[in-house]
Amino acid sequence: MNTLTTDIETIRKIEEQIAEIEKKDTTSESADANDNSGSTSPFHNFSGQDYDGNTVDESLFSGNAVTVINFWFTGCKPCVAELSKLNELNDAIKSMGGEVIGINTETFDGNETAIKEAAAVLESQGAKYRNLSIDASSDAGKYASDIMAFPTTILVDRNGNIVGDPMLGGIDNQDNYDTLMKQIQSVIDADNANK
């Protein structure tokens with residue numbers, strides 16, 4: 001009798017421990033889910049300046065069915081190599097409700113020397129689409145600081161949410177360009193379906 005009572009108590013304790021572990025798992029999963037939603041939308045409180053000093057905020061996204069954001073830096077040869085193709089892409093998607101935005105990670109915090117250098121590189125490549133300087137401490141700045149491979153291109157919907165996975169590598173590669181165009185079209189289609 002005594003052994004059975006001890007076994008029951010041991011089983012109860014194990015069940016309580018299992019329940020506690022399961023509770024921790026679900027709370028950490030929901031915390032992870034919350035973290036992901038935060039990390040997938042570093043553009044909700046977006047602000048920056050174009051290279052002419054004009055301020056931009058997250059309203060730039062609401063004006064577009066899709067915004068293609070390309071992260072690059074001046075000394076990155078593959079980044080520079082794709083600039084003219086990004087300009088072509090910007091021209092191609094404007095009529096569809098899209099826009100290409102460049103964010104050069106060296107121009108953070110309004111670094112004037114880096115902005116001049118980036119502007120010169122853009123001009124030399126015939127790239128006329130908007131490029132922005134953002135604060136390193138902003139959500140978008142932190143997102144950009146975590147990028148390990150350049151160039152990286154992401155799509156952002158009208159609400160400032162990142163859609164799909166980041167594209168690593170230049171879109172001067174035709175396969176990358178075609179893949180990106182398909183993704184852009186799907187975001188535009190989804191946007192049209194929501195109207």
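The values are calculated or read from the model by the stated rules, or taken from the named source; none is laboratory data. Everything quoted here is computed from the prediction, not taken from an experiment. Positions of Cβ are backbone-derived with ideal geometry, glycine not excepted, and every protein chain shown enters the neighbour counts. Just so you know, the surface numbers come from the protein's heavy atoms only, side chains and all, with ligands and any DNA or RNA stripped out. Shrake-Rupley method; radii C 1.70, N 1.55, O 1.52, S 1.80 Å.
Within the range 66-110, being open to solvent by 10 Å² or more (accessible area, probe 1.4 Å) and aliphatic (A, V, I, L, M) holds for Val80, Ala81, Ala92, Met96.
Just checking, how many residues over the range 36-91 are closer than 20 Å to Asp146 by Cβ and assigned to a strand (DSSP E or B)? Number of matching residues: 8. Against the list (1) open to solvent by less than 10 Å² (accessible area, probe 1.4 Å); (2) under 18 Å from Val56 (Cα atoms), the condition Lys128 fails is (1).
Does Thr107 meet the test of being among the polar types (S, T, N, Q) and under 22 Å from Gly53 (Cα atoms)? Show your work before the answer.
Numbers: among the polar types (S, T, N, Q): yes; under 22 Å from Gly53 (Cα atoms): yes.
The answer is yes for Thr107.
Screening Ala118 against (1) at pLDDT below 95; (2) crowded, with 17+ Cβ neighbours inside 10 Å leaves a single unmet condition, (1).
Residues of the range 169-180 include at least one that is part of a helix (DSSP H, G or I), farther than 22 Å from Val56 by Cα and open to solvent by less than 30 Å² (accessible area, probe 1.4 Å). The C-beta contact set for the range 74-92 (first residue hydroxyl-bearing (Ser, Thr, Tyr), second residue open to solvent by 10 Å² or more (accessible area, probe 1.4 Å), distance under 6 angstrom, 6+ apart or interchain) comprises Thr74/Glu106; Thr74/Glu117; Thr74/Val121; Ser84/Gln125; Ser84/Gly126.
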